[in-house]
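Where a number appears in this text, it was derived from the coordinates with a stated rule and is not lab data. What you see is a predicted model, and the numbers here were worked out from it, not measured in a lab. Virtual Cβ from ideal backbone geometry, glycine too; neighbours counted across all protein chains shown.
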Amino acid sequence: MHLARRLALSFALVAPLPASAQALRNPGTATIEAHVVKAAPLDATPERIAGLTLPPGFRIAAFATGLGAPRVIAVAPDGALYVSDRDAGTVTRLDPTDGAKRQVVLKKPDVHGLAIHDGRLFFVTVKEIFSAPLRPDGSLGPEERLVADLPDAGQHPNRTIGFGPDGWLYASLGSTCNECEERNPENATVVRMKPDGTGREIVASGLRNTIGFDWQPGTKALYGWDDGVDWLGDDATPEEFNRIEPGKKYGWPYIFGAGIKNLYREVPKSSLEQWDKDSARPLLTWTAHASAMQFVFYDGGQFPADYKGDGFVTMHGSWNRNPPSGYEVLRVHFENGAPKSVTPFVSGFLTEGGPSGWQRFARPFGLAVARDGSLYLGDDQNGVIYRISHAK
């Protein structure tokens, strides 16, 4: 059929739907059509980069190339970039004045999330968190293992970490699955701990996979992007932008987006209606399956004043939607301290063409504010880190 030729797969799910081993309290039927569309990878040529779309006054250029599959970016006080590569199991330091000057400072299987605090680099694998001192030459001193018992990762092994204004180390621990009833209460949560790894506690739950999170300058409020579930159709469920507050839960795995009820599951010892009432709604949403990654607030001085205090997030790109979504950088605009809108900031990595009808020359992931106020953007498809600047 023509959908197979385009690498698109459709199927229908009709009740009775699979359910947990509980009484079936939610009678009903549902028909769901889902698609698999994989955009063909292209090289990041100068011509394609020149064709990217940014707001007036902004420019984008390759800062470093040949980096394998760069993931999380952390900027040190001296301006150097520390970049993880989960596939290679490395952390690489890049000189802030020349992206070609680099050194691998760490080799650790599955290393992913990074954070810099009090002169130390903190890094996380699937189940462990470590730290090591930053030496004057940018290399790392002897590492110390802080945590050895993070919960099983399953479908979401890409742990991310960050230090909050309270001085505690926060970690996002994604769900083990698309939608299921977790047995470990730490899955699908954000947790925090003291810098030495002790005192771990759950901050918020019901977060399927909040890879990108950061604290708002001034208010010190924690915000993050949570990825919606797959296989519920092209437009369900949306990617969620949440204010993550202690003690709150955010819907997953029973309530999605702005109140979509999960008919696959029945809440143990409760009801979907009660779970819905107890769950916080997202403040903003974005196109389903776009796959939010690193999120940062902009506190630099290079961009126009209207950008001060706004957020930026990378969208890695979909595989479960027709047409595809993501493959871009978004701006989250704040007014009077509250998020008001989401708009494209860098787009054009995804174009029409190729065997599936779509092709892309980047999968945006890493994002960090440079000391000079520019923005670093990482692509884990072609191994490029871009620098986004503004000409005043």
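The table below lists the values:
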{"quantity": "Chymotrypsin sites (Phe, Trp or Tyr not before Pro) within the stretch 47-119, DSSP loop, no more than 11 other Cβ atoms inside 10 Å", "calculated": "none"}
{"quantity": "Chain lengthening between GLU47 and ASP299 when straightened (0.36 nm per residue, less Cα-Cα)", "calculated": "87.6 nm"}
{"quantity": "The chain: relative contact order in percent, alpha carbon pairs under 8 Å with at least 6 residues between", "calculated": "18 percent"}
{"quantity": "Distance between the stretch 145-204 and the stretch 356-392 - C-alpha centres, whole angstrom", "calculated": "27 Å"}
{"quantity": "Highest-first arrangement of 230-238, 375-383, 339-347, where packing means the average Cβ count within 10 Å", "calculated": "375-383, 230-238, 339-347"}
{"quantity": "Qualifying trypsin sites (Lys or Arg not before Pro) in the stretch 149-244, DSSP loop, other Cβ atoms within 10 Å at most 12", "calculated": "ARG183, LYS220"}
{"quantity": "Qualifying GluC sites (Glu not before Pro) in the stretch 239-335, DSSP loop, other Cβ atoms within 10 Å at most 13", "calculated": "none"}
{"quantity": "Set of the stretch 56-79 residues, backbone N closer than 14 Å to the point 7 Å along the Cα-Cβ line of ALA391", "calculated": "56-61"}
{"quantity": "Integer Hz, Karplus 6.51/-1.76/1.60 couplings in order for the stretch 46-53, x for Gly and Pro", "calculated": "x, 5, 5, 4, 5, x, 5, 9"}
{"quantity": "ASP276-LEU54 pseudo-label distance in nm [points 7 Å out on the Cα-to-Cβ vector]", "calculated": "4.4 nm"}
{"quantity": "Computed label-point distance, nm, for sites LYS108 and GLU245 using a 7 Å Cα→Cβ extension", "calculated": "3.4 nm"}
{"quantity": "R0 of 35 Å, Cβ-Cβ distance HIS117-LYS308: FRET efficiency to nearest 0.05", "calculated": "0.90"}
{"quantity": "Full-stretch length increase - LEU283, THR198 - with 0.36 nm per residue and alpha-carbon distance subtracted", "calculated": "27.4 nm"}
{"quantity": "Under-5 Å amide H pairs with ARG120, H placed in peptide plane, nonlocal only", "calculated": "LEU134"}
{"quantity": "The stretch 231-300 and the stretch 315-342: distance between their alpha carbon centers, rounded to Å", "calculated": "15 Å"}
